[in-house]
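Written out below as structure tokens is the structure these notes cover.
Any read-out appearing in this document is the output of simple, stated calculations on the displayed coordinates, not a laboratory observation. Bear in mind the structure is a predicted one, so any value in this text is a computation, not a measurement. Cβ atoms come from the backbone with ideal geometry, glycine included; neighbour counts cover every protein chain shown.
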Amino acid sequence: MGLFSRLSRITRAKAPAVRVHEAFNGAIRVYETPLGSEWSADEAFEEGDGFLKYVLKYKLPGEPLSMVLSAKLYVLHEDLGAPPDPASTAWSAEFATFFATAPTVATSTTQQLLMRGTLPAAEALVQGQSEAHALPLSIRERRATLGQRQFIVTAIGPSAAFAAHSSAIDAWFATSAFDVDED
């Protein structure tokens with residue numbers, strides 16, 4: 001096989017099956033982000049009254065409602081006390097403004113991936129009729145805490161999009177990792 005034949009074979013190589021996204025100097029990493037040019041990525045930092053918030057978000061546009069995957073890290077000032085225990089989250093109340101009527105909630109205990117190890121976490125799948133768009137809405141969220149830090153992984157969108165992109169959602173939840181090292 002000649003040189004040009006080998007070079008042309010390189011250009012026909014498949015796109016990678018996994019795309020890693022590292023945000024905020026490694027504070028948040030997702031090892032399997034959604035593939036496809038229709039997904040857009042955004043990183044946002046906010047300093048509020050007594051907290052820092054880091055957000056990595058992927059958005060899939062949709063009408064009337066987009067699908068959003070996010071990984072959030074909150075760092076609370078010590079004066080505010082520790083973040084609430086994820087196991088005590090009142091999921092229905094937490095997301096009440098999204099739904100026209102009381103949603104159904106399925107909860108479980110799980111683990112949240114860190115750069116070195118895991119943390120116990122609480123996770124919920126909240127489903128119901130959207131208040132704003134009158135369509136079935138699904139929210140999946142996982143919460144974990146360590147000291148003054150709260151780690152939140154979320155997927156929100158129309159229930160039909162949840163079904164169509166279930167493997168991307170599962171990969172997002174399985175591979176979202178947080179760094180807890182003090183720098």
Under the definition of Cα pairs under 8 Å and six or more residues apart, what whole-number percent is the relative contact order of region 19-178?
25
Given charges of +1 on the Cβ of Lys and Arg and -1 on the Cβ of Asp and Glu, with all other atoms neutral, how large is the dipole of region 19-178 about its Cα centre, in debye to the nearest 20?
400
1/(1 + (r/R0)^6) with r = Cβ-Cβ of residue 37 and residue 109, R0 = 41 Å, i.e. FRET efficiency to nearest 0.05, evaluates to 0.65
Provide the three semi-axes, in whole Å and in decreasing order, of the ellipsoid equivalent to region 26-83 as defined by the square roots of 5 times the Cα gyration tensor eigenvalues.
28, 13, 8
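How large is the direction-averaged shadow of the alpha-carbon convex hull of region 20-117, in nm²?
Mean shadow area of the hull around the Cα atoms is 8.7 nm².
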FRET efficiency, 1/(1 + (r/R0)^6) with R0 25 Å, evaluated for residue 181 and residue 78 via beta carbons
0.85
Roughly how compact is the chain, stated as its Cα Rg over 2.2 N^0.38 Å to two decimals?
1.18
Can you give the helix-only mean residue ellipticity at 222 nm for the chain, where every DSSP H stretch with n ≥ 4 adds -39500 (n - 2.57) and the sum goes over all residues, rounded to the nearest 500 deg cm²/dmol?
-4000 deg cm²/dmol
To the nearest 10 degrees, how steep is helix 166-175 against the longest Cα principal axis of the chain, on a 0 to 90 scale?
80
Taking a quarter of the surface of the convex hull around the Cα atoms of region 96-183, what do you get in nm²?
6.6
With Cα springs under 10 Å, the Gaussian network model of the chain assigns the largest mean-square fluctuation among 20, 55, 30 to 20
